[in-house]
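The values are calculated or read from the model by the stated rules, or taken from the named source; none is laboratory data. Source: prediction; values computed, not measured. Don't worry about glycine lacking a Cβ; one is built from the backbone with ideal geometry, like all the others, and counts go over all protein chains shown.
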Amino acid sequence: MKLTRYLVPTLKENPSDAVVVSHRLMIRAGLIRKETAGMYAYLPLGLRALQKITAIIREEMERAGALEFLMPELTGAELWKESGRWDTMGKEMFRITDRNGMAYALAPTHEEAFTAMVRSLISSYRDLPLNVYQINTKFRDEIRPRFGVMRSKEFIMKDAYSFDLDEAGLETSYQAMRQAYRRIFQRAGIDTIPVEADTGAMGGSASEEFMVASEVGEEVLLICPQCGYRANQERAAHARKASAGGGETPAACAEVSTPDVKTIDDLVAFFGCTADRFLKSLVYLADGKPVMAVLTGDRDVNEVKLRNLLGAVELELAPDSVVEEVTKAPVGFAGPVNALAVRTVFDIAVRGVVNGITGANKKDVHFNGVNPGRDFTIKEEGDIVLAVAGDACPACGTPLGEKKGIEVGHIFKLGYKYTKSMNVSVLDEKGAAITPIMGCYGIGVNRTMAAIIEQHHDDKGIIWPVSVAPFAVHLVGLGKSDDELARVEEIYALLCAAGIEVLYDDRHATPGFKFADADLIGMPIRVTVGKGYFSGGEIEVKRRAGGDTVKVGRDGLMSAVRAIIDEERARLNAS
Ligand code: ATP
Ligand code: MG
């Protein structure tokens, strides 16, 4: 491809609205342009990289036995009503109505659409296992679209859905996808950190997120330096630590006057003890009904864990009016002693507290010397707090470390959620109906591209891994006379004829300008045909990733280029 016939609108300056490096470089290298907030167009060079990524994904999906579909982007409201998600998807789902009043969603995901499609296509146990996938656009009305294509309102996802006869079958399908994901990310040149994302109803390794470590990551990962346990903070478990007051003799429970002492900080100052001594009691609305969560004062509630424990769809902190109604006291004096008429759940650490302090459900009064079991009963308990760095690893007890990450892919054992609610069944050998069990598997294609750039760049620009580079070779021609131009043209033809993808800078510009652009857009190999060739027959071959410039004659060019490509490919190829 000749640059004079192509369109690569590179920019010298960083765009002012781009805060992450991948976003800046994607704009500056002419890969994407913003259309409106949260929506980006891919320009020809960016599209080539995107297509390289989708090609890898496709190859690995096929290798794992998944079958490619292309589903409609409009999904009828009736499908979402069947699964019950029309009411629970909330504002992130774009909804539209046609001229006849029919309602649709612009698909944010395709569980319903694929489940209904597969339902119409299978009838016998012989039709399973089945794994279907597509590479298609998703629409999500994100609250805060940002970081360029990392979080946009419209993006491309590879989404796959497996259907199996039983849990053992699901495990096989899940492991095949797990393997495929590892290969995809390795081949695309990114290091991912697979983290456990849920140990919920399905148990074991029911869900895994593929994270890319990044300072701008929105997810917090907790990682054990000892045994390798890794989990998203949203879900991370941690071992129970020794509780406050351990070893003390239980004292009598006594009322203490605490005028205007409401927050944990106030209490720490007032009582002169550590925050873990307090039994913090928070009132939430779970699907509109008040519930109380009790935890030690040094911790924060993990609302994902709490919501799971309660089995609720929506969970939010209750407004003051509800707190006052439930506790019959102003906000700041809630507690579990003298049980309230609300469902109350306790964090697992509460049980071990000796001589705790908690609100008395009375204005300006706390109880001191509170002991679980004696002063209140624990009926429902679970791990409901956010794990933090320094907590003990749930697997081996070593203090956990913390990293920020971006999720590029997610694999998940869904279970029977959709096949049951949407009545999918097949007949077994004896003619009895069986409900298939599902898994779902997503990769954000655009986000993967951004993640590749986050991991492969320097201060001059992008350094594409050869597997996803838009072109393998960037040919810089520095000829001026007709004869020189013809000699560069001949090298270009030679490379093209050998089947190498070449971007040829044939513009009239200074060497410095051309080299800066080559570094910015970052093809793996730069081939320079300039003075050294015109006078001495030497062509310069240089890797974008660094290393020496090699000088070769015309006859040695192809093997030099091939050797670099082969070596880089070998490094990326998954075993
Ligand atoms: P996040 O927590 O980042 O919002 P998610 O849990 O909503 O992600 P999934 O529904 O699991 O994401 O979607 C699968 C993949 O799609 C994600 O791993 C991510 O790579 C990608 N993705 C999700 N939302 C966006 C978005 N708004 N823009 C670009 N890619 C996205
Ligand atoms: Mg999301």
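Assorted remarks:
- Looking only at residues of the range 84-95 that are modelled with pLDDT under 95 and within 15 Å of ligand 1 (Cβ to nearest atom), we find that the one that is nearest to the chain's Cα centre (by Cα) is Glu92.
- Number of positions in the range 21-35 that are buried (at least 20 other Cβ atoms within 10 Å of the Cβ) and not in a helix (DSSP H, G or I): 4
- Scan of the range 94-134 for residues that are β-branched (Val, Ile, Thr) and within 16 Å of ligand 2 (Cβ to nearest atom), ordered by number: Thr109
- Every condition in (1) in contact with a Gly (Cβ under 7 Å, 6 or more places away or on another chain); (2) under 24 Å from Met211 (Cβ atoms) holds for Gln175 except the one numbered (1).
- Hits in the range 82-93 (condition: among the hydrophobic types (A, V, I, L, M, F, W, C) and away from ligand 2 (no atom under 14 Å from the Cβ)): Trp86
- Test: residue in the range 61-80 that is closer than 17 Å to Asn423 by Cα and within 16 Å of ligand 2 (Cβ to nearest atom): no
- Within the range 448-456, at least one residue is in the same structural domain as Gln175 (by TED's automatic domain parsing) and more than 30 Å from Thr528 (Cα to Cα).
- Strands (runs of 3 or more DSSP E) fully within the range 308-380 counting 3 or more residues that are without any contact (Cβ under 8 Å) to a residue 60 or more places away in the chain: 315-317, 343-347
- Residue that is away from ligand 1 (no atom under 16 Å from the Cβ), more than 30 Å from Pro465 (Cα to Cα) and in contact with an Asp or Glu (Cβ under 8 Å, 6 or more places away or on another chain), where the choices are Ala116, Ala103: Ala116
- Verdict on Gly247 being loosely packed, with under 15 Cβ neighbours inside 10 Å, away from ligand 2 (no atom under 16 Å from the Cβ) and without any contact (Cβ under 8 Å) to a residue 12 or more places away in the chain: no
- Residue that is farthest from ligand 1 (Cβ to nearest atom) [pool: residues in the range 412-457 that are of a type in the set (Gly, Ala, Ser) and without any contact (Cβ under 8 Å) to a residue 40 or more places away in the chain]: Gly431
Listed here are the residues, each with its yes/no results for (1) within 30 Å of Gly148 (Cβ to Cβ); (2) assigned to a loop (DSSP other than H, G, I, E, B); (3) away from ligand 2 (no atom under 16 Å from the Cβ).
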residue	(1), (2), (3)
Gly397	no, yes, yes
His410	yes, no, no
Lys413	no, no, yes
Lys420	no, no, yes
Asn423	no, yes, yes
Arg447	yes, no, no
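- Of everything listed in (1) crowded, with 17+ Cβ neighbours inside 10 Å; (2) small (Gly, Ala, Ser); (3) part of a loop (DSSP other than H, G, I, E, B), the single unmet condition for Gly46 is (3).
- Residues of the range 152-187 satisfying the condition of being more than 24 Å from Ala206 (Cα to Cα) and in contact with a strand residue (DSSP E or B) (Cβ under 9 Å, 6 or more places away or on another chain): Ser152, Lys153, Glu154, Phe155, Ile156
- So Phe163, is it of a type outside the set (Asp, Glu) and within 12 Å of ligand 1 (Cβ to nearest atom): no
- Check on Ala286, under 19 Å from Val345 (Cβ atoms) and modelled with pLDDT of 90 or more: yes
- Residue in the range 296-309 that is of a type in the set (D, E, K, R) and within 19 Å of Lys363 (Cβ to Cβ) present: no
- In the range 176-184, the count of residues that are in the same structural domain as Glu407 (by TED's automatic domain parsing), crowded, with 20+ Cβ neighbours inside 10 Å, farther than 13 Å from Leu414 by Cα and at pLDDT below 95 is zero.
This table checks each residue for (1) at negative phi; (2) more than 21 Å from the chain's Cα centre (by Cα).
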{"position": "Arg119", "(1), (2)": "yes, yes"}
{"position": "Asp127", "(1), (2)": "yes, yes"}
{"position": "Asn131", "(1), (2)": "yes, yes"}
{"position": "Ile143", "(1), (2)": "yes, no"}
{"position": "Arg182", "(1), (2)": "yes, no"}
{"position": "Gly189", "(1), (2)": "no, no"}
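- Ala55 being touching a helix residue (DSSP H, G or I) at 6+ places or on another chain (Cβ under 6 Å) and more than 15 Å from ligand 2 (Cβ to nearest atom): no
- The single condition among (1) in contact with a helix residue (DSSP H, G or I) (Cβ under 6 Å, 6 or more places away or on another chain); (2) at pLDDT 95 or above; (3) away from ligand 2 (no atom under 16 Å from the Cβ) that Asp459 does not meet is (1).
- Test: residue in the range 177-191 that is in contact with a Ser or Thr (Cβ under 7 Å, 6 or more places away or on another chain) and within 16 Å of ligand 2 (Cβ to nearest atom): no
- Just one of the listed residues (Gly38, Gly76) is at pLDDT 95 or above and either in contact with a Lys or Arg (Cβ under 6 Å, 6 or more places away or on another chain) or crowded, with 16+ Cβ neighbours inside 10 Å (or both), namely Gly76.
- Within the range 137-152, residues that are within 16 Å of Gly217 (Cα to Cα) and in contact (Cβ under 8 Å) with a residue 60 or more places away in the chain sit with their Cβ atoms under 8 Å from residues that are among the aromatic types (Phe, Trp, Tyr) and within 7 Å of ligand 1 (Cβ to nearest atom), at 6+ positions apart or across chains, in these pairs: Val149/Phe155.
- Members of the range 148-164 that are closer than 17 Å to Leu25 by Cα and within 13 Å of ligand 2 (Cβ to nearest atom): Met150, Arg151, Ser152
- Test result for Ile184, within 16 Å of Arg58 (Cβ to Cβ) and assigned to a helix (DSSP H, G or I): yes
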